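Here is the structure we will look at, set down as structure tokens.
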Amino acid sequence: MVVLDSAKSKLPVTAKSRVRRAAKRASYRREDIYRLVDELKLGHIGFTQDGEVIVIPMTVWRHGDFLYLHVANKSRLQKLLDSGQQVCISFAHYDEWVLAKSAYHHSANYRSAVLFCRGERVQDSQEFDEVFKSIIEDIEPDRWNQVRAPNPQERKGTALMRLTIEEGSFKSRTGAPSDNKEDLDLPVWSGTKPACPFK
């Protein structure tokens, strides 16, 4: 369960992060965003390098109000984050296809978040261990006490990056198709079906 200080329960919103299309489906509550991040731990990180747009899927996890990811020391992403450049991280999960009586109204039931962040390398060894422990323990409780901790060579080769969420939004859809009234009598089935039926 995500418990938040009410004073910081919502993310800041600007024109960049405000949801315009289907705005009623939007939320800026950290609780909604944190829950999705905690469940998925897979984000797509977007940034620009030499005028080119790059998006990389990576393990991203939350510890407190920060996001974390690890990269190779001196990698382009570490250098980019250390330079102060903002990155965009998106998370998305969909449960169901929504099949309507018209092609136009087909949709999906989903949850998504788009977050704008800046990062820096974690230098403190105690924070380094605490943050790595948090994801390993989340995957399997008490596993950190069973495995070998990172050795000096692994610590030297790994850059653990702490990301501060500057702004962002959450968006979701649930429920049945939104059929037009004049389509309701069409002799075709409408409803929802699992997006991943082979789980």
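Overview of results
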read-out	value
Segment 49-72, residues that are open to solvent by 50 Å² or more (accessible area, probe 1.4 Å), more than 14 Å from Phe91 (Cβ to Cβ) and touching a residue at least 24 places away in the same chain (Cβ under 8 Å)	Gln49, His63, Phe66, His70, Ala72
Of the criteria (1) in a strand (DSSP E or B); (2) of a type outside the set (S, T, N, Q); (3) surrounded by fewer than 15 Cβ atoms within 10 Å (Cβ to Cβ), which one Ala176 fails	(1)
Residue list for segment 17-48, restricted to those being exposed (fewer than 12 other Cβ atoms within 10 Å of the Cβ) and hydrophobic (A, V, I, L, M, F, W, C)	Ala22, Ala23
Qualifying residue in segment 156-165 (condition: within 23 Å of Ser9 (Cβ to Cβ), open to solvent by 30 Å² or more (accessible area, probe 1.4 Å), assigned to a helix (DSSP H, G or I) and modelled with pLDDT under 95)	no
Condition check for Val114: in contact with a strand residue (DSSP E or B) (Cβ under 7 Å, 6 or more places away or on another chain), open to solvent by 50 Å² or more (accessible area, probe 1.4 Å) and of a type outside the set (Lys, Arg)	yes
Exclusive hit being over 16 Å from Gly157 (Cα atoms), small (Gly, Ala, Ser) and open to solvent by 50 Å² or more (accessible area, probe 1.4 Å), set Ala108, Ala100, Ala92	Ala92
Check on Gly191, touching a strand residue (DSSP E or B) at 6+ places or on another chain (Cβ under 8 Å) and modelled with pLDDT under 95	yes
Among residues of segment 130-186, those that are without any contact (Cβ under 8 Å) to a residue 24 or more places away in the chain and on the phi > 0 side of the Ramachandran plot, counted	1
Candidate set: segment 139-197, residues that are touching a helix residue (DSSP H, G or I) at 6+ places or on another chain (Cβ under 9 Å) and among the small types (Gly, Ala, Ser); chosen: the one farthest from Leu77 (Cα to Cα)	Ser190
Yes/no for Ser169 being of a type outside the set (A, V, I, L, M, F, W, C), surrounded by 12 or more Cβ atoms within 10 Å (Cβ to Cβ) and either touching a strand residue (DSSP E or B) at 6+ places or on another chain (Cβ under 6 Å) or more than 30 Å from Ala22 (Cβ to Cβ) (or both)	yes
Residues of segment 73-101 satisfying the condition of being in contact (Cβ under 8 Å) with a residue 12 or more places away in the chain, among the hydroxyl-bearing types (Ser, Thr, Tyr) and over 27 Å from Thr174 (Cα atoms)	Ser75
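The values are calculated or read from the model by the stated rules, or taken from the named source; none is laboratory data. Just so it is clear, the model here is predicted, and its values are computed rather than measured. FYI the Cβ positions are ideal-geometry reconstructions off the backbone, even for glycines, and counts take in every protein chain you see. Ligands, DNA and RNA are excluded from the accessible area calculation, which covers all protein heavy atoms including side chains. Shrake-Rupley method; radii C 1.70, N 1.55, O 1.52, S 1.80 Å.
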